[in-house]
Amino acid sequence: MTHPVPAATPDSRQKRVLVIAYSQTGQLAAIIERLLDPLRADPRIAVHVETLRPQPAFPFPWSIARFFDAFPESAHLEPPALAPLSLTGDEEFDLVILPWQVWFLAPSQPVTAFLKHPVAAKLLHGKPVVSVIACRNMWMLALEKMKKLLADVGAELIDNVALTDRAPTMATLFTAPAWLLTGKRKPIPGLPVAGVSAQDTARSIRFGRALRDALLDDREKLRQPLLCGLAAVEANPRLLVSERAATRSFYLWGKLLRAAGGPGAWQRRPLLLLYVLFLITLILTVVPLSLILQALLRPFLTRRLAALKEVHEQPSGSGTERLHQYDF
């Protein structure tokens, strides 16, 4: 739901929050609605939700052909056009909340399209941004791409929340695609429900409570994290090997597919079939082998993994020292 854009009056004490919204399955929308509840309930805060509408629209559930046809442009950060925005870029906001999904280990195409839109360069320049990710479990390298996109428009990432599917990695390799292709969160008997849990979705209200208090205390002006101590993110550096291998393959195969034709081109189809076979082989070999190898080498990798974990959990961290204040 889109709320009126607050007027930028110099003497206004009302805090203004911009939310960039795109949710294909509805999962991210549910999380953000929960997060926004405390902000909307406070008359001292005005929230504007800008819903992105890519053209053409992406389907849900996906067909197999359309799903894999989306990866070349996702990997190369070459998104589709967006329907006209309701914002001109002249509006003023105190804080930007940027919810996003991970598509083929990159920010989703609609969000990438917004960040490359001329209006985004005006709206986000010099603004503090809170990133909110909802995904399967691999997001670390996608966040690095997001940081670059934000830096390109002069925005500053002050917080990152990552809500992931807590099921075992090998299970999610089947449940997540099945959800996207069928529209059902539990299409495979015996395997877990796909996606972020209902409990984690409900608990995302803690971030809204903390942001409300921070805004009313003018702490967004300090350009420092506002969500530390709230278990905002937990990085799993053991997945980095798989992320790097998959990211490299998406980029290289994506380059080949883009050379064959644009989205939907029939010339892509034989190459897409070949890539699907390659990807299945990658999933069945590289992912389990990397996890097994790291498990065997864990005694020797402990310090390295701990250092990587700390780096990728910035800026908000995985600390829990403030949960008692906001998670109730």
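Figures for the structure shown
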{"quantity": "Scan of region 191-217 for residues that are crowded, with 16+ Cβ neighbours inside 10 Å and within 15 Å of PHE328 (Cβ to Cβ), ordered by number", "calculated": "ARG203, SER204, ILE205, ARG206, PHE207, GLY208, ARG209, ALA210, ARG212"}
{"quantity": "Region 265-282, residues that are in contact (Cβ under 8 Å) with a residue 60 or more places away in the chain and either loosely packed, with under 13 Cβ neighbours inside 10 Å or not aromatic (Phe, Trp, Tyr) (or both)", "calculated": "ARG268, ARG269, LEU272, VAL276"}
{"quantity": "Residue in region 10-68 that is farthest from ALA198 (Cα to Cα), counting only those that are under 19 Å from the mean Cα position of the chain (by Cα) and among the acidic types (Asp, Glu)", "calculated": "GLU50"}
{"quantity": "Members of region 118-148 found to be surrounded by 20 or more Cβ atoms within 10 Å (Cβ to Cβ) and more than 23 Å from PRO237 (Cα to Cα), listed by number", "calculated": "ALA120, LEU123, LEU124, LYS127, PRO128, VAL129"}
{"quantity": "Counted residues, region 283-297 - those being surrounded by 16 or more Cβ atoms within 10 Å (Cβ to Cβ) and hydroxyl-bearing (Ser, Thr, Tyr)", "calculated": "1"}
{"quantity": "From GLU220, GLU321, residue being surrounded by 14 or more Cβ atoms within 10 Å (Cβ to Cβ), modelled with pLDDT of 95 or more and not β-branched (Val, Ile, Thr)", "calculated": "GLU220"}
{"quantity": "Residue that is modelled with pLDDT of 95 or more and touching a Gly at 6+ places or on another chain (Cβ under 8 Å), where the choices are GLU144, GLU156", "calculated": "GLU156"}
{"quantity": "Selection status of PHE104, within 19 Å of PRO59 (Cα to Cα) and among the aromatic types (Phe, Trp, Tyr)", "calculated": "yes"}
{"quantity": "Top-ranked residue of region 78-94 - restricted to ones that are over 27 Å from GLN14 (Cα atoms) and crowded, with 17+ Cβ neighbours inside 10 Å, ranked as modelled with the lowest pLDDT", "calculated": "PRO79"}
{"quantity": "Search result, residues across region 17-40 that are assigned to a helix (DSSP H, G or I) and touching a helix residue (DSSP H, G or I) at 6+ places or on another chain (Cβ under 7 Å)", "calculated": "ALA30, ILE31, ARG34, LEU35, LEU36, ASP37, PRO38, LEU39"}
{"quantity": "Extreme residue, surrounded by the fewest Cβ atoms within 10 Å (Cβ to Cβ), among residues of region 95-117 that are polar (S, T, N, Q) and touching a residue at least 40 places away in the same chain (Cβ under 8 Å)", "calculated": "GLN101"}
{"quantity": "Residue within region 98-114 that is under 26 Å from LEU239 (Cβ atoms), in a loop (DSSP other than H, G, I, E, B) and hydroxyl-bearing (Ser, Thr, Tyr) present", "calculated": "yes"}
{"quantity": "Within region 222-328, helices (runs of 4 or more DSSP H) holding 2 or more residues that are farther than 22 Å from SER74 by Cα", "calculated": "268-312, 323-326"}
{"quantity": "Selection status of GLY262, touching a residue at least 60 places away in the same chain (Cβ under 8 Å), farther than 30 Å from ALA307 by Cβ, not charged (D, E, K, R) and not assigned by TED's automatic domain parsing to the domain that holds ALA167", "calculated": "no"}
{"quantity": "Which listed residue is in contact with a strand residue (DSSP E or B) (Cβ under 6 Å, 6 or more places away or on another chain), under 22 Å from ASP217 (Cβ atoms), assigned by TED's automatic domain parsing to the domain that holds ALA155 and modelled with pLDDT of 95 or more, from ILE31, ILE45", "calculated": "ILE45"}
{"quantity": "Flag if SER131 is in the same structural domain as ARG40 (by TED's automatic domain parsing) and either β-branched (Val, Ile, Thr) or more than 16 Å from the chain's Cα centre (by Cα) (or both)", "calculated": "no"}
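Let's see how each residue does on (1) among the aliphatic types (A, V, I, L, M); (2) outside any helix (DSSP H, G or I); (3) under 27 Å from ARG66 (Cα atoms):
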| residue | (1), (2), (3) |
| --- | --- |
| LEU150 | yes, no, no |
| ASN160 | no, yes, no |
| LEU163 | yes, yes, yes |
| PRO187 | no, yes, yes |
| THR201 | no, no, no |
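The values are calculated or read from the model by the stated rules, or taken from the named source; none is laboratory data. Everything numeric in this text was worked out from a predicted model, so none of it was measured. Here the Cβ is made from the backbone with ideal geometry for all residues, glycine too, and neighbour counts use every protein chain on show.
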